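Have a look at the structure below before the remarks.
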Amino acid sequence: MGHLSGPPLIGAITSACSAGFLLFGYDQGVMSGVVISPSWLSAMGHPSPWVIGTLTAVYDIGAIIGAILAAFTSDSLGRKRTLLLGAFLVCISGLAMGFSRDRVQFGASRTAVGVGIGYITSVCPVYQSEISAHKQRGWQVCCQLTTMLVGLALAYWINYGFYFYQGDAQWRVPLWIQCVFAVYILVLTPFLPDTPRWLFSHGSDAAAGKEVLARLRGKPQDHQEVQQEAEQIQLAIDRETKANNGHTPGWGDLFKPNGVSADKRFYLAIGIQFMQQMTGINIVTYYAPTLYKTGLGMSEEKALLLGGYTQLWYILASLVTWYTIDRVGRRKLFISMALGMAVVLVGEGLATKADSHMGAIIAVVCLFLFEGCFSWGWMACVWIYPPEILPLSIRAKGSALAAAADFIGNWIVVEVTPVGIATMGWTFYLVWATFNLVNAGIVWLFYPETGGLQLEAVDHVFTEEIADALTAGADESLFQRLQWARVRIAAEAVKESRRRTRSDRRNNNTDDAEPLLGRSGRGDDYTNL
């Protein structure tokens with residue numbers, strides 16, 4: 001595929017990254033049918049709810065391990081080879097999981113699959129973010145998350161289809177099918193380039209990075225847009241190298257400001273991915289059939305069927321985010337949809353408490369609305385935010401550890417849900433409603449907008465010079481002063497970016513190289529959009 005350039009090349013890379021997230025979704029959804037299969041329950045020795053929760057959740061333990069390992073290796077291996085390693089682990093371990101004969105084999109194989117998924121989910125958003133133009137970055141990452149939901153739905157419908165088979169095929173075949181998607185990644189990815197930003201920061205010269213950048217933009221290497229973007233990337237690398245006194249960035253740089261508040265940005269990345277799981281989404285993702293069967297009294301067949309329809313709705317809802325993520329921005333979607341999920345979860349709890357036919361209908365509607373709100377605000381936005389907010393020097397490490405934080409939260413939710421549903425009943429939903437209110441408040445206080453800014457421009461938002469320029473003499477209310485100053489600085493940056501975009505469109509100007517917030521008076525300004 002060395003001849004591909006422009007949108008076809010970006011499409012090929014997006015396809016590989018999306019297949020990685022399809023695997024992520026499939027592995028999340030496939031257990032929903034496996035854990036209620038009579039054949040699987042018999043093979044596992046009729047496990048208790050705690051054991052079922054553990055066999056399901058060890059996948060997240062593996063994913064945590066994989067994400068942490070990716071933090072150690074992604075910078076040296078590169079984005080492309082890290083994706084290949086993750087796909088290889090999923091392929092081998094998925095086969096082993098389908099051949100399992102007891103709990104130990106199943107748990108070990110599922111953990112290993114999780115390790116592969118940890119690698120994949122750590123690197124795919126970074127890979128996509130670093131090859132996409134800033135105006136398309138949001139919806140292209142949305143492609144990955146929509147295919148994740150396709151994987152979820154596919155798992156649910158395959159589970160439903162094999163429900164009518166008796167014997168081991170009822171659960172073994174659905175587990176083996178994931179290997180098909182891993183093979184797709186293994187076949188395609190070797191023909192794709194690594195990202196320009198990784199090549200710039202790991203090559204002896206900038207030639208390879210500039211060549212790939214030109215191919216991605218579909219323009220000659222000497223084109224002004226390619227030249228300016230390459231200069232911005234190199235300036236960002238030079239600035240970070242200077243901040244590190246010429247040393248290669250290490251683990252300690254996650255906790256150093258390095259002139260661009262890198263440490264605080266790392267905490268934001270970790271926090272947003274952990275908070276995603278505190279929305280309670282995987283109560284529905286992993287256990288929708290269980291909720292329908294146990295909580296609402298449906299038959300096993302109806303529970304599986306409705307679980308499949310739930311995931312089809314999830315896919316359709318995710319398409320809305322393709323339109324809104326770059327137009328509305330990450331921050332507004334985070335806050336509004338967290339509040340929406342809080343309201344819906346209260347409704348879900350009250351409807352479940354009613355224990356009536358109408359209550360069951362309302363409860364199902366609330367689950368659908370909950371998935372919609374999550375998809376519109378906390379699905380794609382959360383996965384794109386860490387690569388956007390983190391500077392290049394710690395982007396791979398920080399994104400990998402942010403993914404690990406996501407899986408830690410995932411493991412907590414999956415582990416406690418069976419017992420929570422069984423012991424707390426309808427009040428279990430109120431706990432997660434409270435978490436969503438807390439999430440909304442934290443985002444309002446501390447999380448800057450990143451949508452619409454080039455990755456290098458985000459660095460400029462966090463420099464002290466810009467902070468001084470934009471906060472000096474600012475007329476702010478006490479309510480506004482509760483927010484971290486960077487939130488307001490980023491808001492001004494995004495407004496300026498959109499103003500310039502509108503101006504360029506009116507003037508038929510496609511040059512994206514205008515400064516974001518004006519010159520800082522120094523020669524290292526790389527704030528262009």
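Since every read-out is calculated from the coordinates, none of them should be taken as a lab result. Everything numeric in this text was worked out from a predicted model, so none of it was measured. Here Cβ is always computed from backbone atoms with ideal geometry, including for glycine, and neighbour counts include all displayed protein chains.
Suppose R0 equals 35 Å; then what is the FRET efficiency for residue 95 and residue 300 from their Cβ-Cβ distance, rounded to the nearest 0.05? Don't skip to the end; give the middle numbers.
Working: r = 27 Å, r/R0 = 0.78.
The value I calculate is 0.80.
Over region 84-179, what per residue volume does the convex hull of the Cα atoms give, in whole Å³?
Working: hull volume 8.0 nm³, N = 96.
Normalising the Cα hull of region 84-179 by residue number yields 83 Å³.
Take peptides 327-337, 23-33, 368-378 and line them up by average Cβ neighbours within 10 Å, highest first, as a rough protection proxy.
23-33, 368-378, 327-337
Multiply the residue gap between residue 354 and residue 446 by 0.36 nm, knock off their C-alpha separation, and tell me the result in nm, one decimal place. The partial results should precede the final answer.
On the way: separation 92, 0.36 × 92 = 33.12 nm, distance 3.84 nm.
In short, 29.3 nm is gained.
Once both labels are modelled 7 Å past Cα along the beta-carbon direction, what's the residue 430-residue 169 spacing in nm?
For the pair residue 430/residue 169, the computed spacing is 4.9 nm.
Could you give the angle, 0 to 90 degrees to the nearest 10, between helix 485-506's Cα long axis and the longest principal axis of the Cα atoms of the chain?
70 degrees
What is the set of long-range amide H partners of residue 450 at a cut-off below 5 Å, with H atoms built 1.01 Å from backbone N?
330, 331
Per-residue HN-Hα couplings for region 438-444, Karplus 6.51 cos²θ - 1.76 cosθ + 1.60 at θ = phi - 60°, whole Hz, x for Gly and Pro?
So the J values, rounded to whole Hz, are 5, 4, 4, x, 5, 4, 4.
Most exposed first by the Cβ proxy, i.e. fewest other Cβ within 10 Å, how do 419, 413 rank? Don't skip to the answer; put the middle values down first.
Details: 419 14, 413 23.
Ordered from fewest to most neighbouring Cβ atoms within 10 Å, 419, 413 come out as 419, 413.
A 28 angstrom limit on the alpha carbon distance is what I want to check against. Which of 302/353; 264/332; 242/495; 80/135; 242/264; 210/242 exceed it?
Violating the 28 Å limit, Cα to Cα: 242/495.
Along the three principal axes, how long is region 158-266 when you take its alpha carbons, biggest first, rounded to the nearest angstrom?
The principal-axis extents, from largest down, are 64, 39, 21 Å.
Tell me the relative contact order for region 162-244 as a rounded percent, counting alpha carbon contacts under 8 Å between residues six or more apart.
Relative contact order, region 162-244: 16 percent.
Could you tell me how many cubic angstrom of Cα convex hull volume region 84-123 has per residue?
40 Å³
Just checking my list (1) 23.3, 73; (2) 25.6, 87; (3) 24.0, 78 against Rg and Dmax of the Cα atoms in Å computed from this structure; which label fits?
(1)
Show me 9-21, 73-85, 380-392 ranked by packing, highest mean number of other Cβ atoms within 10 Å first.
The most tightly packed comes first, giving 380-392, 9-21, 73-85.
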